[in-house]
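Q: The structure under discussion is supplied below as structure tokens; questions concerning it will follow.
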Amino acid sequence: MPGKRPAKVSAKVSAQREHDRASTLPVPATAPDPDSRVEKFLQAAIELFLEKGYRNARLSDIVARSGGSLATLYQAYGSKKGLAHAIMERCIGGFTQSLQKLQDSPLPPEQALPIAAEDMLEEILSSRHIVTHRIVVGEGMNFPDLRDWYFEHGVAPANRRLAEYFAREQRAGRLLLGSPAIISNHFYMMVFGSAIIRSTAGTVDADDLAWIKADTRKAVAIFVRGMQPAATGATPAAAALA
């Protein structure tokens, strides 16, 4: 309201806001040191979020498993929410790398998309990504700020990147898509939907990667056949989605 005196913000709240703003920054390109205390906190958090769920995992459990101190954890991540943000950022970084390789690929879609899909699938079935999906899908109603942050900074940019790739391939005449933005969403759900649902539910994980990759290759092949311009002059299935 105009003229209303702003509420006084505590140092702790201010620090948390600074941490949350920092959480939106890109993931560093350098690989993390697995032996660092900060990294051990993150790995312990991933393990405990998998075992107990985000809601039930306690910071004291994470500290006990990592061998650090609560003070160091607060300094590094600020809170349990800060740990969740850090895990999500890793997922986004890994998935973005796969999308970047696809965008940089000189190969035609029937060769580039299966390679990219396998890279993306490896990330999707990683422990950190399964944790992320369980927080967003399984506990998103209870933690809407984490859910919405991930959709804004992870899902939406990934859809845009893939849509840009599809638009480029459409301009080159290698795919006939209608709306690249709509098709990118269909691609994700068709190719990865089952793996995401099953891994979130706990019925598959990285140990099942071999047979899930085989299923993914089949799904990509079906997708590409449906989106390629037909040599006979028949209209591809994508036209119905324009």
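Q: Distance between the C-alpha centers of region 120-162 and region 34-75? Whole Å please.
A: 20
Q: Read phi for every residue in region 71-76 and hand back ³J(HN,Hα) as whole Hz from Karplus 6.51 cos²θ - 1.76 cosθ + 1.60, θ = phi - 60°, with x for Gly and Pro.
A: Here the 3J(HN,Hα) series is 4, 5, 4, 4, 5, 7 Hz.
Q: Need the full-extension length gain, Q103 to I222, defined as separation in residues times 0.36 nm minus the C-alpha distance. One decimal, nm.
A: 40.8 nm
Q: Report, in debye and to the nearest 20, how large the dipole of region 143-213 comes out about its Cα centre when Lys and Arg carry +1 and Asp and Glu carry -1 on their Cβ.
A: Rounded to the nearest 20 debye, it is 420 debye.
Q: Report, largest value first, the span of the C-alpha coordinates of region 97-178 along each principal axis, in whole Å.
A: 45, 25, 17
Q: With all protein chains present, calculate the accessible area of R90 using a 1.4 Å probe and round the result to the nearest 10 Å².
A: Its heavy atoms expose roughly 60 Å² to the probe.
Q: Continuing with this model, one more query. Taking amide H positions as placed in the peptide plane 1.01 Å from N, state which residues far from L176 in sequence (5 or more) or on other chains have amide H under 5 Å from it.
A: Close amide H contacts, sequence-distant or interchain: Q228.
Q: Give, in nm to one decimal, the length gained when the segment between D205 and E164 is fully stretched (0.36 nm per residue of separation minus the Cα-Cα distance).
A: 11.8 nm
Q: Tell me, what HN-Hα J-couplings in whole Hz come from the Karplus equation 6.51 cos²θ - 1.76 cosθ + 1.60 at θ = phi - 60° for each residue of region 179-193, using x for Gly and Pro?
A: So the J values, rounded to whole Hz, are 9, x, 5, 5, 5, 4, 5, 5, 4, 4, 6, 5, 7, 10, x.
Q: Sticking with this structure for a sec: Which FRET efficiency value, to the nearest 0.05, is calculated for A214 and V155 with the Förster distance at 25 angstrom and r the Cβ-Cβ distance?
A: According to the calculation, E is roughly 0.45.
Q: I'd like to know which of P114, L146, S194 lies farthest towards the positive end of the charge dipole of region 71-208, counting +1 on Cβ of Lys and Arg and -1 on Cβ of Asp and Glu.
A: L146
Q: Could you calculate the FRET efficiency of Y74 with A230 from 1/(1 + (r/R0)^6), where r is the beta carbon distance between them and R0 is 51 Å, rounded to 0.05?
A: Between Y74 and A230 the formula returns 0.30.
The values are calculated or read from the model by the stated rules, or taken from the named source; none is laboratory data. Everything quoted here is computed from the prediction, not taken from an experiment. Note that we place each Cβ from the backbone using ideal geometry, even for glycine, and neighbour counts take in every protein chain shown. The protein model used for the area step is the full one, side chains on, heavy atoms only, and it has no ligands, DNA or RNA in it. Shrake-Rupley method; radii C 1.70, N 1.55, O 1.52, S 1.80 Å.
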